[in-house]
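Taking it in order: structure first as structure tokens, then the write-up.
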Amino acid sequence: MTTSGEFGALVVLRAKQGEFAALHAVDGRADVERLQPLLEFIPNGTAPAGQLDEVEAVARRLHGLGRAIMVDAAEVAGASGFGPGPAGALGELADRLAHPVGLFDEQVPVPFVPVVRDAATDAELAGLGRLCHELGAGGALRIRTAAAERVGLLLDRLRVEPGELDLIVDLGYLPELPARVVERAAAAVDVAAGCGPFRSVSVLSGSIPRSLDRTSLWAQPRVEERLWRALAEDGRSGLRFGDYGVAHPVIGDSWGGKHVALRYSCPDHWLYSRERQPVPDGAAEAEGGRARTVRSVCRNLVESDEYAGPDFSWGDRNILDAAEGRGSGLGATSKPPAFATSHHLAYLADRAA
């Protein structure tokens with residue numbers, strides 16, 4: 001089992017079908033040794049029971065590969081169906097993972113790393129602190145830059161030693177990187193980390209906009225990479241990189257748009273492939289308009305110089321299959337994020353090697 005805190009990159013993923021598919025496709029122990037997934041329960045996704053089922057399945061699968069996932073339930077705190085008490089969905093998940101799924105299942109209990117936000121109430125801090133101790137994998141403290149001064153107080157109320165916690169300094173959405181943002185991030189990391197030593201310290205941010213406004217193929221700088229480099233080059237050795245996968249950092253309402261997009265991670269930029277779905281004309285078709293548009297955005301990517309090749313990840317193999325007329329079920333809205341997330345996980349694992 002990989003020791004908690006031993007990873008090169010952190011990725012925040014939503015409890016959604018595309019992200020789950022990408023995580024289930026991870027099949028290399030070396031990948032999860034370098035990569036720390038953090039799963040977020042979301043208020044606007046599938047039913048609570050469905051989200052719990054999927055997170056449980058991912059926790060069991062990655063534990064079998066040697067990685068205890070981080071899980072954050074702050075967005076659904078107090079929401080009906082996710083679990084009672086201050087630990088909420090995390091307490092419910094712990095109960096599920098304490099039992100085997102079959103007669104010959106010996107992987108119990110399955111540990112995970114509870115995530116604590118800086119906005120947690122005193123009751124939540126106490127409950128999550130107890131859960132960190134009970135699960136035996138420590139915890140993660142996720143703070144905004146404005147809360148760096150409160151880390152000492154949070155630790156007192158959580159009652160978990162810093163050496164058993166992964167510190168995550170979360171800057172959220174960063175469309176650009178002016179000097180003041182780097183300075184604010186540096187100050188927050190220094191102040192918060194000064195309450196340690198922590199098991200690990202990560203800086204988390206994301207630059208993908210909520211919606212894309214162009215079609216065809218174009219690039220955008222990866223601001224999150226630039227922020228991490230600026231901090232690391234300023235002498236903060238050991239600082240871990242963190243991002244939000246291929247999603248906008250702020251959870252929003254899900255809605256079906258008229259376009260299909262692939263968000264593809266490259267070493268210093270995002271590559272976006274986006275096309276509009278055709279207007280239905282009522283004629284019988286062998287394949288729906290959305291599926292054909294998925295093939296088109298995949299073809300744009302495969303024909304570019306940025307495509308990593310089919311051996312890079314499960315998602316890259318599926319992108320090539322779609323571009324060349326193979327594959328099925330491409331009309332599902334979860335397909336593009338599944339392919340893109342799979343590529344991104346492989347990218348982060350390779351980056352952290």
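Summary of values
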quantity	calculated
Cβ-Cβ FRET estimate between S216 and A187, R0 fixed at 51 Å, reported to 0.05	0.80
Stretchable slack from S237 to T46, in nm (0.36 nm times residue separation minus alpha-carbon distance)	64.8 nm
Gain in span if fully extended, D53 to E6, counting 0.36 nm per residue against the direct Cα distance	14.3 nm
Heavy-atom accessible area ranking, 1.4 Å probe, most first, across W228, W270, W218	W228, W218, W270
Sum of side-chain charges, G327 neighbourhood, beta-carbon under 15 Å (Lys, Arg +1; Asp, Glu -1)	+3
Mean accessible surface per residue for segment 1-129, computed with a 1.4 Å probe while every protein chain stays in place, in Å²	38 Å²
For peptides 110-120, 153-163, 201-211, sequence by mean Cβ density within 10 Å, most packed first	110-120, 201-211, 153-163
Whole-Å semi-axes of segment 1-86's equivalent ellipsoid (Cα gyration tensor)	24, 13, 11
Most fluctuating residue given options E287, E92, E54, as computed from a GNM of the chain linking Cα atoms under 10 Å	E287
Rounded accessible area of E176 (nearest 10 Å², 1.4 Å probe)	120 Å²
Principal axes of segment 110-187: Cα extent on each, largest first, Å	42, 26, 20
Spin-label model distance (nm) - V101 vs E287, 7 Å beyond Cα toward Cβ	3.1 nm
Accessible area per residue in Å² at 1.4 Å probe, computed on segment 213-353	47 Å²
If the convex hull is drawn through the Cα atoms of the chain, its volume per residue in Å³	141 Å³
Heavy-atom accessible surface of the chain: percent carbon and sulfur, 1.4 Å	50 percent
Added length on full extension, which subtracts the Cα-Cα distance from 0.36 nm per residue, E134 to V108	8.0 nm
Over segment 1-149, volume per residue of the alpha carbon convex hull, in Å³	117 Å³
Helical contribution to [θ] at 222 nm, DSSP H n ≥ 4, -39,500 (n - 2.57), averaged over the chain, rounded to 500	-11500 deg cm²/dmol
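The values are calculated or read from the model by the stated rules, or taken from the named source; none is laboratory data. The structure presented is a predicted model; accordingly, all values stated were derived computationally and were not measured. Backbone-built Cβ (ideal geometry, glycine too); neighbour counts: all protein chains shown. Calculation scope for accessible area: heavy atoms of the full protein, side chains included, ligands and nucleic acids excluded. Shrake-Rupley method; radii C 1.70, N 1.55, O 1.52, S 1.80 Å.
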